[in-house]
1. Which ordering of SER163, SER95, SER110, SER56 is given by a fewest-first count of other beta-carbon atoms within 10 Å?
2. Would you work out the relative contact order for region 83-191, in percent, from Cα pairs under 8 angstrom that are 6 or more residues apart?
3. Based on the Kirkwood radius over alpha-carbon pairs, what is the Stokes-Einstein translational diffusion coefficient of region 107-162 at 37 °C with 0.692 mPa s viscosity, in µm²/s?
4. Based on the alpha-carbon gyration tensor of region 78-138 and its eigenvalue square roots a ≥ b ≥ c, which shape applies: rounded if a/c is under 1.5, prolate if not and a/b is larger than b/c, or oblate?
5. Can you tell me how region 83-191 classifies by the Cα gyration tensor, rounded, prolate or oblate, using a/c under 1.5 as the rounded cut?
6. Shape call for region 15-163 from the C-alpha gyration tensor, a ≥ b ≥ c root eigenvalues: rounded (a/c under 1.5), prolate (a/b greater than b/c) or oblate?
Amino acid sequence: MDTQWNLCFNLAYPARCKMLLSQQFHISKVESDGSVRLIEQADDLERARERVKKLSAFSPGEYLITNQQTGEKTSIKSHVKQIVFQIGYDERDLSARTELFRRCGHHVISVVDNAAAKHALTSIDNVDVFVVGPNAPEETRKEMVDWLKANFPKVKVVALIPSVSCKLPSADYNIVLNDWDEWLSLLSAATS
């Protein structure tokens with residue numbers, strides 16, 4: 001709070017001052033060493049909870065929502081690591097997404113094509129969400145999504161698409177590549 005007041009008295013940041021004072025709820029993440037790191041702020045508790053849900057989809061752990069007026073703290077712990085099974089059609093893109101998911105705290109199983117996916121899934125008991133990559137003909141990707149929905153009807157399927165016009169209708173979610181806000185919210189929904 002002292003930092004906020006110091007900023008408010010610094011005339012160089014009047015807009016920042018107004019924003020800080022108007023945001024009643026602070027969202028922080030509890031780090032592995034027990035320290036607390038302020039991530040962002042929200043106007044009301046419901047928006048803060050929604051934001052924590054989105055953040056925890058990519059970075060599981062404990063989050064604190066602190067009411068700046070009352071001092072009341074709400075602790076929200078996200079689920080254990082989600083298992084993301086991704087089917088890709090380009091090894092470089094597949095590796096990049098694998099690394100991204102792992103950095104966000106997920107357990108990732110990645111395979112290079114439909115045949116490898118079907119073979120691998122004969123010996124895997126639990127998957128939280130499937131991600132189907134964008135770098136294959138639409139028919140190949142559609143076949144994979146349809147097979148996943150038929151064999152794993154309770155597991156959400158996220159199809160990565162190059163543009164809005166390339167949706168796969170049987171996927172639970174279609175995410176345009178490079179739309180990171182959509183990524184966060186839909187991955188959160190798919191794994192909850």
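Just so it is clear, none of the values below were taken in a lab; they were calculated from the coordinates. In this text the structure is predicted, and so the values were computed from the model without any measurement. As a convention, Cβ positions derive from the backbone with ideal geometry for all residues, glycine included, and neighbour counts pool all protein chains shown.
1. SER163, SER95, SER110, SER56
2. Relative contact order of region 83-191: 23 percent.
3. Value of D from the Cα-based Kirkwood radius: 282 µm²/s.
4. Oblate, since a/c reaches 1.5 and b/c is not below a/b.
5. Note, shape of region 83-191 comes out rounded.
6. prolate
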